[in-house]
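Structure first, commentary second.
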Amino acid sequence: MTYTPQISPLGPLWLSAIVALLPLLTIFITLGWLRWKAHWAGLTAVAVAILVAIFAWQMPPVLALLSATQGGVFGLFPIMWIVFTAILLYQITVVSGRFEDLRAVFALVSDDPRIQAMLIAFCFGGLLEALAGFGAPVAITGVMLMAIGFSALRAAVVVLVANTAPVAFGAIAIPIITAGNLTKIPYQQIGAYVGHQTPLLAFLVPLILVFLADGKRGFRQLWPVALVTGVAFAIAQWVSATWLSVELTDIIASLVGLAAAVVFMRFWKPEGGADALASLHADRDAELASMSEKERAALPKLHDEQIDPKSLTGGRIFMALFPYLLVIAVFSVTKLIPSVSAWLASTDIKIHWPGLDGNILKADGTASASTIYNFQWLSSPGTSLLISMVIVAIVYRVAAGDVFKEIWATLVKLRFSILTVASVLALAYVMNLSGQTITIGTWIAGTGAAFAFFSPVLGWIGTAVTGSDTSANALFSTLQQTAANHAGIDPTLLVAANTSGGVVGKMISPQNLTIAATAVGLLGRESDILRKVLWWSIGMLVALCLLVGLQSTPVLSWMLPVF
């Protein structure tokens, strides 16, 4: 029982492409219009993809179902394994009580709430995105901004806009790793291309944040430190993605951006901090006054007694930063030392997916390599994060019982996210192995070289609907590759563009809007938040479209890395 995908099984290419789009339309409509839960939308889309594969593409039912199982398992491991261990590491820092020290560390840099907001939402949020992603940075930093005086709505808007540039390399670069796995383009190569696109956003975002924090006055008074932070982050992201480590890119960039701000603040002092704090408090009081008793009760309970930053000793500062320094050290050893990296890779187990491997054929009659599942039980970034978590728990003296309690609590909290990601990856595998993705890509490629200017839009739409750049790459990376090959464009450029476009779609995704609204106590007011961030998302998307389009031409092709 073998199967060879057809490009146009229904005759006209346009008709086949429209039918192939049905699974994607299903997830868009159920999530965006009908507002179903993400896991139900994902499971329904998988069912539609299987039916399309069987009845339109004539794929044997057993192979269609097995394709879904392989994709679902890949969604569980390594993708959700990385997310689970990253969030668990963060939870251990909270249980230990050291997280409050970390919050006080930012106040040491500056007592200006606008600068603290930029550093927390952008630099620390970028670090959280690097380790966890999937909404964790928005939830954590949103509450931190409220603790320094921001209103709930303003805090939500600031953290959503801040959660852009780091997203492509989030959760130890899992969006890029996913794209590499599906397209068979080395993920290091995709990451390097992304690292020549998203720094544009990194350069702009801190400037936008000080404007969102305090309007024109904030921009006028704080643009120097915002510019220094953004440029430092952008350069570090470019250098790390190109020459150091794709997995460590956001960690390095976040710390470099933070360090640049700290050094700059030694020689430059902002004006208007007290006035800005008074304005923020007035904004917060007005928001509280407009709320009902029930709405005020939904706001997060903040610590009334905050740690005095001046009471922090060097030892407490080091211990507050220890988990993140440890992760950098562990990943530096496992990813940057060739002998260690090679040994870890040698432990990978190649699983020829039962019943599927050898039965999916390419056009030339050879077996597809996509049916081989790579079980990275030791080399996975998630395993490195687990080891880091254990070390942190020991150093912080967190009891074993508390650790296991957090493991269970994290599993329960992520249960629907796990199901959602597994279903989206199952959808991607069915569409890819049946040939639906190739059909759509071939049809879109009819736009020719102009498609490069619009390629980030697909990533933007995918992330806006699913709430995940990883899921957007699972849906569209192979499609981008196919379209590029047919249009004569560098496929790595368009796969990277899908990732970069996705980062500006995250702030308007229903999933992320709900996470932000829930974190700051505005559940049910997602539409209010959306209206505040939508135009920023569209503006950044237009800038990315122009950048990628010009990178596909001699005008800016010199920007791209050479492999």
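Determine if segment 344-352 includes at least one residue that is surrounded by fewer than 14 Cβ atoms within 10 Å (Cβ to Cβ), in contact with a helix residue (DSSP H, G or I) (Cβ under 9 Å, 6 or more places away or on another chain) and at pLDDT 85 or above. Yes.
Being farther than 25 Å from Asp283 by Cβ, in contact with a helix residue (DSSP H, G or I) (Cβ under 6 Å, 6 or more places away or on another chain) and of a type in the set (Ser, Thr, Tyr), is that true of even one residue in segment 156-178? Yes, the conditions are met somewhere in segment 156-178. The residues of segment 391-432 that are more than 24 Å from the chain's Cα centre (by Cα) and touching a residue at least 24 places away in the same chain (Cβ under 8 Å), listed by number, are Ile391, Val392, Ala393, Val395, Tyr396, Arg397, Val398, Asp402, Val403. Counting only residues that are modelled with pLDDT of 90 or more, crowded, with 24+ Cβ neighbours inside 10 Å and assigned to a helix (DSSP H, G or I), segment 178-200 holds 6 of them. Is there a residue being touching a residue at least 40 places away in the same chain (Cβ under 8 Å) and not in a helix (DSSP H, G or I) anywhere in segment 134-141? Looking for residues that are touching a residue at least 40 places away in the same chain (Cβ under 8 Å) and not in a helix (DSSP H, G or I), one finds at least one in segment 134-141, hence yes.
With respect to (1) on the phi > 0 side of the Ramachandran plot; (2) of a type outside the set (A, V, I, L, M, F, W, C); (3) crowded, with 20+ Cβ neighbours inside 10 Å, the lone exception for Gly441 is condition (1).
Within segment 373-390, is there a residue that is farther than 23 Å from Thr2 by Cβ, outside any helix (DSSP H, G or I) and over 29 Å from the mean Cα position of the chain (by Cα)? Checked against the condition, which is being farther than 23 Å from Thr2 by Cβ, outside any helix (DSSP H, G or I) and over 29 Å from the mean Cα position of the chain (by Cα), segment 373-390 yields no hits at all.
At least 1 residues being in contact (Cβ under 8 Å) with a residue 40 or more places away in the chain, surrounded by fewer than 24 Cβ atoms within 10 Å (Cβ to Cβ) and basic (Lys, Arg) is the threshold, and among the helices (runs of 4 or more DSSP H) wholly inside segment 452-563 those reaching it are 526-551. When Ala86, Ala56, Ala41, Ala68 are screened for being over 26 Å from Thr437 (Cα atoms) and touching a helix residue (DSSP H, G or I) at 6+ places or on another chain (Cβ under 9 Å), only Ala86 passes. Pairing residues of segment 338-360 that are more than 16 Å from Tyr3 (Cβ to Cβ) with residues that are at pLDDT below 95 and assigned to a loop (DSSP other than H, G, I, E, B), at Cβ distances under 6 Å and at least 6 apart in sequence or on separate chains, gives Leu344/Leu378; Leu344/Ser379; Ala345/Ser379; Thr347/Leu378; Asp348/Gln376; Asp348/Ser379. Quick one: would you say Ala232 is surrounded by 18 or more Cβ atoms within 10 Å (Cβ to Cβ) and modelled with pLDDT of 95 or more? So Ala232 passes the test.
Evaluation of Leu325 against the conditions (1) over 22 Å from Gly170 (Cβ atoms); (2) in a helix (DSSP H, G or I) shows that the sole unmet condition is (1).
Can you find a residue that is closer than 30 Å to Leu25 by Cα and outside any helix (DSSP H, G or I) anywhere in segment 438-446? Give the derivation first.
First, the residues of segment 438-446 that are closer than 30 Å to Leu25 by Cα: 438-446.
This time we only want the ones that are outside any helix (DSSP H, G or I), so: none.
So far as segment 438-446 goes, no, none of its residues is closer than 30 Å to Leu25 by Cα and outside any helix (DSSP H, G or I).
Output yes when any residue across segment 28-38 is at pLDDT 90 or above, assigned to a helix (DSSP H, G or I) and of a type in the set (S, T, N, Q), and no when none is. Checking segment 28-38: not a single residue is at pLDDT 90 or above, assigned to a helix (DSSP H, G or I) and of a type in the set (S, T, N, Q). Within the set Arg217, Arg154, the sole residue that is of a type in the set (D, E, K, R), surrounded by 22 or more Cβ atoms within 10 Å (Cβ to Cβ) and out of contact with any Pro (no Cβ under 8 Å at 6 or more places or on another chain) turns out to be Arg154. The residues on offer are Pro199, Pro175, and the sole one that is without any contact (Cβ under 8 Å) to a residue 40 or more places away in the chain and farther than 23 Å from Ala107 by Cβ is Pro199. Looking only at segment 305-319, decide whether some residue is touching a strand residue (DSSP E or B) at 6+ places or on another chain (Cβ under 9 Å) and at pLDDT 85 or above. Checking segment 305-319: not a single residue is touching a strand residue (DSSP E or B) at 6+ places or on another chain (Cβ under 9 Å) and at pLDDT 85 or above.
To keep it simple, each residue is scored yes or no on (1) over 30 Å from Tyr324 (Cβ atoms); (2) hydroxyl-bearing (Ser, Thr, Tyr).
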| residue | (1), (2) |
| --- | --- |
| Gly358 | yes, no |
| Asp364 | yes, no |
| Ile372 | yes, no |
| Met389 | no, no |
| Ile394 | no, no |
| Ala399 | no, no |
| Lys405 | no, no |
| Ile418 | no, no |
| Thr439 | yes, yes |
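The values are calculated or read from the model by the stated rules, or taken from the named source; none is laboratory data. Nothing here was measured: the structure is a model prediction, and the numbers come from that model. Every residue, glycine as well, gets a Cβ built from its backbone with ideal geometry; the counts of neighbours run over all protein chains shown.
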